[in-house]
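> Quick one: the structure is below, and I'll ask about it shortly.
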Amino acid sequence: MRGFAMLGINKVGWIEKEKPTYGPYDAIVKPIAVSPCTSDIHTVFEGALGEREDMILGHEAVGEIVETGREVKDFKPGDKVIVPAITPDWRTLESQQGFSQHSGGMLAGWKFSNFKDGVFGNFFHVNDADMNLAHLPDDIPVESAVMLTDMVTTGFHGAELANIQLGDVVAVIGIGPVGLMAVAGAKILGASRILGVGSRKALTKAANFYGATDIVNYRNGPVEDQVMELTNGKGVDRVIIAGASPEIMKTAIKIVKPGGTVSNVNYYGEGDTIPIPRLDWGSGMAHKTIVGGLTPGGRDRMEKLIDLVRYNRVDPSKLVTHKFHGFSHVEEALMLMKDKQQDLIKPVVFVD
Ligand code: NDP
Ligand code: ZN
C-alpha cells in the first residue's frame with residue numbers, strides 16, 4: 001500500500017509499506033476523507049516529537065472498515081466510521097484513573113502519526129475498534145465528521161479544562177480551527193463575553209460566527225494591553241490558548257484574574273521551557289491555575305460530539321474552507337496547513 005509519510009525531520013514524501021496486521025480487538029480501515037492537522041506540521045517541520053522515520057502522517061479521518069478482529073462486536077467490514085485522533089488503550093490503569101489520553105505513558109493515547117502509522121495511507125490500523133470507533137450516521141456530513149475527530153474535541157477540551165462558569169469572560173488566544181471550536185465550546189458552557197485573538201480575516205469572521213463577542217488582533221499591539229483595555233483593567237476569568245509560541249503564556253497569565261484558569265491545548269513545537277511571569281502570577285500566590293491537555297478520544301466522546309452536531313449546538317462544517325478530491329491531494333493539503341494562507345481554516349481531502 002501507499003502512504004504519505006514523514007521521512008525524517010523536515011522531509012515528507014510518498015512511500016510503499018506493507019498493509020498493517022491486526023489483533024482480535026482491532027480493525028483495518030480505509031480512509032474516505034482525511035484532514036491534515038497543524039500538529040502534523042509541528043511534528044514534521046519542527047521535529048516536535050523528535051525523529052520519526054518513514055511514519056505515515058495524519059490522524060483525522062472518516063473511513064470504511066475493511067477487516068475486523070474476531071472479538072470485535074459492534075463493527076463489520078463495510079461500516080462507515082468516525083476515527084478519533086486519540087485511540088487509547090482502554091485496559092490500562094491510566095484509563096481507569098480518567099486519563100485515557102496517557103494510557104500506557106504520557107501522550108501514548110495519541111497513536112496515529114506519533115507511535116504508529118497514521119491515516120494518510122491506503123489502509124490503517126485501529127486498536128480496540130469497539131471502544132475507539134463510532135458509526136458515521138447518515139445525517140452527519142462527512143466533512144463535519146472529519147472535524148469531530150480532532151478539531152471539535154480539542155477545542156471543546158480547551159473549554160472544558162478552562163472550568164468555565166456561567167457568565168465568565170473568556171479569552172481564546174488563537175482562533176484557528178482549534179481555537180474556533182474553543183470559542184464554540186465556551187459559548188455552550190455559558191461564557192458571557194468571548195474575546196477571540198487572531199488576525200486572519202477568515203478566522204475572525206468565523207470566530208464571530210461561533211460566538212466571539214470581541215476580536216483582538218495581536219498584530220495591532222500587545223494582546224495584554226488590548227484585553228485590559230476592553231475589560232476596564234480587570235482581565236478575564238478564563239484563558240484558552242490555541243496558538244502562538246511558548247511566550248504566549250506570559251500574556252495569558254497577565255490577563256487572567258486571580259482565581260482564574262489558563263487552559264492550554266496548544267502543542268508547543270519549540271523551546272525548552274514555557275515562561276511563567278513571577279509578578280503576574282502573584283509571586284506564586286494568585287490562585288491562577290494553569291492546565292493543559294491532549295484531547296480525549298474514543299467512541300463515547302465521538303458519539304457525544306455527533307449529538308452536539310445533530311442537535312444544532314455546533315456546526316463544524318464552517319471550518320472546512322478547502323475541499324480536494326483524490327488521495328494524492330493529501331500532500332497539497334498538508335502544505336496548505338504549513339503555509340496558512342489568508343482564507344484557510346481547514347482543508348479536507350476526499351479520497352475518491
Ligand atoms: P492555526 O495555526 O490554524 O491557528 C493558530 C492561531 O493562533 C491563529 O489564529 C493565529 O493567528 C494565532 N496566533 C499565531 N501567533 C499568535 C500570537 N503571537 N499571538 C496571538 N495569536 C497568535 O492552528 P490550529 O487551530 O490548527 O491548532 C492550534 C494548536 O492546537 C496547534 O498548536 C496544534 O498543534 C494544537 N493541537 C492540539 C491538540 C491537543 O489535543 N491538545 C490537538 C490538535 C491540535 P492568525 O489569525 O494570524 O493566523
Ligand atoms: Zn491533530
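The values are calculated or read from the model by the stated rules, or taken from the named source; none is laboratory data. Predicted model only: the values in this text are computed from it and were never measured. For neighbour counting, all protein chains shown are included, and Cβ atoms are generated from backbone atoms with ideal geometry for every residue, glycine included. Surface accessibility is based on the protein's heavy atoms, side chains included, excluding ligands, DNA and RNA. Shrake-Rupley method; radii C 1.70, N 1.55, O 1.52, S 1.80 Å.
> List every residue pair whose Cβ atoms lie under 6 Å apart, where the two residues are 6 or more positions apart in sequence or sit on different chains, the first residue falls within the stretch 189-213 and is more than 21 Å from D225 (Cβ to Cβ) and open to solvent by 30 Å² or more (accessible area, probe 1.4 Å), and the second residue, located anywhere, is of a type in the set (G, A, S) and not in a helix (DSSP H, G or I).
Here the result reads S192/G167, each pair linking the stretch 189-213 to a residue that is of a type in the set (G, A, S) and not in a helix (DSSP H, G or I).
> Let me ask something additional. Residues that are over 17 Å from the mean Cα position of the chain (by Cα) and under 26 Å from A286 (Cα atoms): does the stretch 172-182 have at least one? Spell out how you get there, then give the answer.
We begin by selecting, within the stretch 172-182, every residue over 17 Å from the mean Cα position of the chain (by Cα); these are none.
No, the stretch 172-182 contains no residue that is over 17 Å from the mean Cα position of the chain (by Cα) and under 26 Å from A286 (Cα atoms).
> Let me ask something additional. Keeping to the stretch 320-343, report how many residues are in contact with a Gly (Cβ under 9 Å, 6 or more places away or on another chain) and open to solvent by less than 30 Å² (accessible area, probe 1.4 Å). Give the steps one after another, and end with the answer.
Start the filter on the stretch 320-343 by keeping residues that are in contact with a Gly (Cβ under 9 Å, 6 or more places away or on another chain), which leaves 330-331, 334, 340.
Among the residues that remain, those that are also open to solvent by less than 30 Å² (accessible area, probe 1.4 Å) are: 330, 334.
Result for the stretch 320-343: 2.
> Related question: For the stretch 69-92, which positions are in contact with a Lys or Arg (Cβ under 6 Å, 6 or more places away or on another chain) and away from ligand 1 (no atom under 16 Å from the Cβ)?
Of the stretch 69-92, the ones in contact with a Lys or Arg (Cβ under 6 Å, 6 or more places away or on another chain) are 87.
Result: no residue meets the conditions.
> Okay, next question. Being more than 16 Å from ligand 1 (Cβ to nearest atom) and touching a Phe, Trp or Tyr at 6+ places or on another chain (Cβ under 6 Å): is that true of D128 here? Working first, answer last.
Details: more than 16 Å from ligand 1 (Cβ to nearest atom): yes; touching a Phe, Trp or Tyr at 6+ places or on another chain (Cβ under 6 Å): yes.
Considered against the rule, which asks whether it is more than 16 Å from ligand 1 (Cβ to nearest atom) and touching a Phe, Trp or Tyr at 6+ places or on another chain (Cβ under 6 Å), D128 comes out as yes.
> Right, here's the next one. Among the residues of the stretch 321-352, what is the count of those that are assigned to a strand (DSSP E or B) and in contact with a Ser or Thr (Cβ under 8 Å, 6 or more places away or on another chain)?
Applying the first criterion (assigned to a strand (DSSP E or B)) to the stretch 321-352 yields 321-325, 346-350.
Next, only the ones that are in contact with a Ser or Thr (Cβ under 8 Å, 6 or more places away or on another chain) stay: 346-349.
Residues flagged as assigned to a strand (DSSP E or B) and in contact with a Ser or Thr (Cβ under 8 Å, 6 or more places away or on another chain) within the stretch 321-352 amount to 4.
> Taking the stretch 127-159, which residues are in a helix (DSSP H, G or I), under 24 Å from K187 (Cβ atoms), of a type in the set (D, E) and more than 11 Å from the chain's Cα centre (by Cα)?
First, the residues of the stretch 127-159 that are in a helix (DSSP H, G or I): 129-132, 142-159.
Now narrow it down to the ones that are under 24 Å from K187 (Cβ atoms): 143-159.
If we keep only those that are of a type in the set (D, E) too, we end up with 143, 150.
Of everything in the stretch 127-159, just one residue is in a helix (DSSP H, G or I), under 24 Å from K187 (Cβ atoms), of a type in the set (D, E) and more than 11 Å from the chain's Cα centre (by Cα), namely E143.
> Something else now. Scanning the stretch 152-172 for residues that are open to solvent by less than 10 Å² (accessible area, probe 1.4 Å) and either within 16 Å of ligand 2 (Cβ to nearest atom) or touching a Gly at 6+ places or on another chain (Cβ under 6 Å) (or both), which turns out farthest from L308 (Cα to Cα)? Before the answer, list the steps.
Step one: of the stretch 152-172, the residues open to solvent by less than 10 Å² (accessible area, probe 1.4 Å) are 152-153, 155, 158-159, 162, 170-172.
Next, only the ones that are either within 16 Å of ligand 2 (Cβ to nearest atom) or touching a Gly at 6+ places or on another chain (Cβ under 6 Å) (or both) stay: 152-153, 155, 158-159, 172.
On the way: V152: 10, T153: 11, G155: 14, G158: 16, A159: 15, V172: 21 Å.
This residue is V172.
> If you don't mind, there's one more thing I want to ask. Cβ-Cβ below 9 Å, separation at least six or inter-chain, first residue in the stretch 227-252 and within 16 Å of ligand 2 (Cβ to nearest atom), second open to solvent by 50 Å² or more (accessible area, probe 1.4 Å): which pairs?
I241/G292
> Among the residues of the stretch 225-244, what is the count of those that are within 14 Å of ligand 1 (Cβ to nearest atom) and either of a type in the set (V, I, T) or open to solvent by 40 Å² or more (accessible area, probe 1.4 Å) (or both)?
7
> Can you say whether T149 is out of contact with any Cys (no Cβ under 8 Å at 6 or more places or on another chain), of a type in the set (V, I, T), open to solvent by less than 10 Å² (accessible area, probe 1.4 Å) and under 18 Å from L305 (Cβ atoms), as far as the supplied structure shows? Spell out how you get there, then give the answer.
Working: out of contact with any Cys (no Cβ under 8 Å at 6 or more places or on another chain): yes; of a type in the set (V, I, T): yes; open to solvent by less than 10 Å² (accessible area, probe 1.4 Å): yes; under 18 Å from L305 (Cβ atoms): yes.
For T149, the condition - out of contact with any Cys (no Cβ under 8 Å at 6 or more places or on another chain), of a type in the set (V, I, T), open to solvent by less than 10 Å² (accessible area, probe 1.4 Å) and under 18 Å from L305 (Cβ atoms) - is met.
> Which of the residues belonging to the stretch 249-297 are in a strand (DSSP E or B), of a type in the set (G, A, S) and open to solvent by 20 Å² or more (accessible area, probe 1.4 Å)?
Here is the first cut: in the stretch 249-297, the ones in a strand (DSSP E or B) are 256-264, 289-292.
From what's left, of a type in the set (G, A, S): 259-260, 263, 292.
Answer for the stretch 249-297, where residues must be in a strand (DSSP E or B), of a type in the set (G, A, S) and open to solvent by 20 Å² or more (accessible area, probe 1.4 Å): G259, G292.
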